[in-house]
Each structure stands twice: as C-alpha cells, then as structure tokens.
1. For the chain, just say rounded, prolate or oblate: build the C-alpha gyration tensor, square-root its eigenvalues into a ≥ b ≥ c, call rounded for a/c under 1.5, and beyond that prolate if a/b exceeds b/c, oblate if not.
2. Excluding GLY9 itself, calculate the net charge of residues whose Cβ lies under 14 Å from the Cβ of GLY9, where each Lys or Arg counts +1 and each Asp or Glu counts -1.
3. Find the relative contact order for the range 1-158 and round it to a whole percent, using C-alpha pairs within less than 8 Å whose residues are 6+ positions apart.
4. What are the ³J(HN,Hα) values, in whole Hz, obtained from phi via the Karplus relation 6.51 cos²θ - 1.76 cosθ + 1.60 with θ = phi - 60°, for each residue of the range 10-16 in sequence order, with x given for Gly and Pro?
5. What are the ³J(HN,Hα) values, in whole Hz, obtained from phi via the Karplus relation 6.51 cos²θ - 1.76 cosθ + 1.60 with θ = phi - 60°, for each residue of the range 160-177 in sequence order, with x given for Gly and Pro?
6. Do any trypsin sites (Lys or Arg not before Pro) in the range 113-184 lie in a DSSP loop with no more than 15 other beta carbon atoms within 10 Å, and if so, which?
7. Using a Gaussian network model of the chain with C-alpha springs under 10 Å, which one of ALA97, ALA125, ALA20 is most mobile by mean-square fluctuation?
8. Hand me the chymotrypsin sites (Phe, Trp or Tyr not before Pro) from the range 119-165 located in a DSSP loop with no more than 16 other Cβ atoms within 10 Å, in residue order please.
Amino acid sequence: AYIAFLASGFSIVDIRNKSAPIPLADVIYPSPILTHNCWPTEDGKYLFTTDETANGFIRVWDVRDPRNPRQVAFWSAGVPGSDVHNVQVQGIFLYAAYYDEGVEILDIEDPTQPIEVGHFDTDPAGGGCWDFFNFFPSGTLVASNYYGSSNPGMWLLRFNGATAAKIRGVVRNQATGLALPNVT
C-alpha cells in the first residue's frame, strides 16, 4: 500500500497480511511538499506522487525495491502557481487533475520521462479541476471542478489516445562510427 501523508511525504506498507501490516519505507523529501496522493504504474515498478502546492510537481519514484524508493523524475505543468491535486494511471497514460490547469494527460510509456499528450482547461478563468475519472468502459473521461471554482461543474471528455513522439537510437562518432559513451 502507498500512503500519502501530506506534509510528511509517503509510506510504503506491505499489507498482504491485513492483520499484521509491515512498514517498508517512509519517504520524506524537501519542500515544496504536500503529498496529496500516490498512484503506481500497472506493473508496480514506479509510483507517482503529487505535491499539492503552488508550483508543485508530479514526482516519479522507482519502487522496485519497496524498502528503498528512489525519485527518478518529476514533471510540472510549467504554469506559475498551478497545483496538482490527483493523478491516476491507466496503461501508458497518467491523468492529472490540476487546480489551475484542468486536466493533463501524460504519456508514461517510459515513466522516467513523462510527456504531455493531452490537456483540457476546465476553468480558463483560474478555478480548478478537483478530480478526474478515467476508468469507464466506454472510454469517457470525467473531470470535475471543485465547488469554489469560478466555473464549477463536470465535463465529459474523450481522449484520442495520442502517444508522444519518441526518438531512440545510438549517437555515433562521425569519423569512427563508434558509439559515444554516456550519451542518451
């Protein structure tokens, strides 16, 4: 189980035996910190956490060794003051609800390199998307703004499933044809 503890990071607990949970790791990291939620990749190798603060991040953690999680990446909407509230993962996509940005959809085929592939602003006047639901069999996506938003309501959306363009290859020395070391 992954447990978000707001101002104190998150914990990982082995709950296979529900009557005797075993704490595996407590992760505390520097500000800005307000870990609001956690969501793992479907294969359980990576965990995404949200920093629900102005200019907060979606952080990516390698949790293959649950006793020693390591932060391997982060992502931000890049809009000053925007707060990420919740994330959910389905397949190779991460769906994020942002107070000031609406819905962000990231391609996480490589979780260490999240890439934005979709966006819908639920309140251009500056309110906020409270949550996002992406698990309907119809493929319909639901975004909802919080009550105090300047544009409260719910949106039914459809995502076209676009993935990010990715370039992979080997960088070679033109003269020798040998691969250059330490180049990605």
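The values are calculated or read from the model by the stated rules, or taken from the named source; none is laboratory data. In this text, all values refer to a predicted model and were calculated from it rather than measured experimentally. Please note: Cβ atoms are built from the backbone with ideal geometry, for glycine as well, and neighbour counts cover all protein chains shown. With ligands, DNA and RNA removed, areas are computed over all heavy atoms of the protein, side chains included. Shrake-Rupley method; radii C 1.70, N 1.55, O 1.52, S 1.80 Å.
1. Oblate is the answer for the chain, as a/c is 1.5 or above yet b/c matches or exceeds a/b.
2. Around GLY9, the charge tally is -1.
3. Answer for the range 1-158 is 13 percent.
4. With coefficients 6.51, -1.76 and 1.60, one gets 8, 10, 10, 10, 7, 10, 4 Hz.
5. Once rounded to whole Hz, the list reads 7, x, 4, 9, 6, 6, 10, 10, 10, x, 10, 8, 10, 5, 4, 6, 9, x.
6. Those satisfying the criteria are ARG158, LYS166, ARG168.
7. Highest fluctuation of the listed residues: ALA20.
8. Of the chymotrypsin sites (Phe, Trp or Tyr not before Pro), the ones in loops of the range 119-165 whose Cβ has at most 16 other Cβ atoms within 10 Å are PHE135, TYR146, TYR147, PHE159.
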